[in-house]
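Read the structure below first, then the notes.
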Amino acid sequence: MTTTVTSPAVKAEGVWKIFNEGQPNEVTALQDLNLEVGYGEFVALIGPSGCGKSTLLRVIADLTHATRGTMQVAGLTAAQAREQQKYGMAFQQAALFDWRTVRRNVELPLELQGVGKSDRAARAMELLEMVQLADFAGHRPWELSGGMQQRVAIARSLAVDPPLLLMDEPFGALDEMTRERMQNELLRIRKETGKSIVFVTHSIPEAVYLSDRVVVMSPRPGRITDIIEVSLGDRNEDTREDERFFEAVTAVREALRGNHGGGSAIRSRIGEV
Ligand SMILES: Nc1ncnc2c1ncn2[C@@H]1O[C@H](COP(=O)(O)OP(=O)(O)O)[C@@H](O)[C@H]1O
Ligand SMILES: [Mg+2]
């Protein structure tokens with residue numbers, strides 16, 4: 001069965017996440033959230049700090065459980081998807097092991113999978129070539145710049161060739177120029193690998209530049225208040241100056257302000273050439 005191809009990458013139905021339910025410190029982080037991410041789709045999650053973006057990613061990753069509702073990943077339960085390594089994850093901090101070389105950091109998920117030494121070294125080198133760091137395979141992470149470390153982390157998240165990438169503000173700590181380069185790199189990797197991607201950010205231009213759809217979340221309790229389609233085709237040098245890019249940025253900004261009327265009026269124009 002080719003469930004990974006025919007099922008959506010992610011399907012959240014009526015997902016609630018309530019921390020400390022019934023306690024005085026109860027927090028509703030996610031409220032009745034419904035979302036489907038198509039196979040091969042790039043979806044950005046945007047919203048104010050504390051609105052539940054990381055929590056949603058963690059529910060998808062089965063690092064925490066939905067209080068109510070169901071979460072499916074590639075047609076499996078979130079737990080099955082985690083066990084079968086159906087996703088890779090990257091965070092704001094690269095979280096590399098300083099005592100391992102760059103190559104051996106990328107190899108780690110393969111090591112855990114029991115892949116043999118020469119196979120995993122070959123795969124790690126292939127990935128380091130993809131992120132243009134093959135020359136640094138023998139270096140230690142601390143010898144690399146922040147952007148390079150993030151590329152190592154992305155290579156590592158791709159090691160087991162998962163169909164889905166979950167990324168939580170992976171470029172949040174990088175300077176603006178490095179960040180734009182990394183965005184292009186990620187889009188290139190996506191094109192080469194066909195991965196589905198769920199990408200958390202609080203940068204509006206970043207969300208618009210990268211994704212097919214921008215999912216806008218409200219302040220706590222996190223709900224989806226808007227989904228904005230971005231039809232910019234293949235991104236290139238000119239995209240960031242394209243009128244449609246600015247229109248989409250404006251639509252997302254309006255949606256974040258809770259201005260749904262204005263948002264949808266603008267939204268209806270996006271994608272019209
Ligand atoms: N383990 C936890 N226990 C209690 N509350 C939590 C826990 N994790 C997150 N929260 C709360 O859930 C809300 C959403 O957090 P989070 O998903 O990290 O937001 P975001 O990533 O959008 O900034 C916040 O109010 C946060 O304090
Ligand atoms: Mg977060």
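All conditions in (1) modelled with pLDDT of 95 or more; (2) touching a Ser or Thr at 6+ places or on another chain (Cβ under 8 Å) hold for residue 147, with the sole exception of (1).
Could you look through segment 24-48, keep only residues that are farther than 25 Å from residue 249 by Cα and surrounded by fewer than 22 Cβ atoms within 10 Å (Cβ to Cβ), and pick out the one that is farthest from ligand 1 (Cβ to nearest atom)? Ranking the qualifying residues of segment 24-48, first place goes to 32.
Basic (Lys, Arg) and in a loop (DSSP other than H, G, I, E, B): does that describe residue 82?
Numbers: basic (Lys, Arg): yes; in a loop (DSSP other than H, G, I, E, B): no.
So residue 82 does not fit the description; no.
Scanning segment 70-127 for residues that are farther than 17 Å from residue 197 by Cα and among the aromatic types (Phe, Trp, Tyr) gives 97, 99. Total residues in segment 49-73 satisfying the condition of being in contact with a helix residue (DSSP H, G or I) (Cβ under 9 Å, 6 or more places away or on another chain) and either within 15 Å of ligand 1 (Cβ to nearest atom) or assigned to a loop (DSSP other than H, G, I, E, B) (or both): the figure is 9.
Would you check if residue 21 is surrounded by fewer than 15 Cβ atoms within 10 Å (Cβ to Cβ) and either more than 14 Å from the chain's Cα centre (by Cα) or on the phi < 0 side of the Ramachandran plot (or both)?
On the way: surrounded by fewer than 15 Cβ atoms within 10 Å (Cβ to Cβ): yes; either more than 14 Å from the chain's Cα centre (by Cα) or on the phi < 0 side of the Ramachandran plot (or both): yes.
For residue 21, the condition - surrounded by fewer than 15 Cβ atoms within 10 Å (Cβ to Cβ) and either more than 14 Å from the chain's Cα centre (by Cα) or on the phi < 0 side of the Ramachandran plot (or both) - is met.
Residue count for segment 35-79, restricted to those that are closer than 19 Å to residue 220 by Cβ, away from ligand 2 (no atom under 13 Å from the Cβ), under 17 Å from the mean Cα position of the chain (by Cα) and small (Gly, Ala, Ser): 0.
When segment 228-255 is limited to residues that are free of Cβ contacts under 8 Å to residues at least 60 places away in the same chain and β-branched (Val, Ile, Thr), the one that is farthest from residue 204 (Cα to Cα) turns out to be 239. If the condition is being part of a strand (DSSP E or B), more than 21 Å from residue 197 (Cβ to Cβ) and of a type outside the set (Val, Ile, Thr), then segment 14-48 contributes 14, 16, 17, 19, 29, 31, 32. Mind listing whichever residues of segment 146-173 are surrounded by fewer than 18 Cβ atoms within 10 Å (Cβ to Cβ) and either assigned to a helix (DSSP H, G or I) or in contact with a Leu (Cβ under 9 Å, 6 or more places away or on another chain) (or both)? Matches in segment 146-173: 146, 160.
The values are calculated or read from the model by the stated rules, or taken from the named source; none is laboratory data. All figures in this text were calculated on a predicted structure; none of them were measured in a lab. Note that each Cβ is placed from the backbone with ideal geometry, even for glycine, and that neighbours are counted across all protein chains shown.
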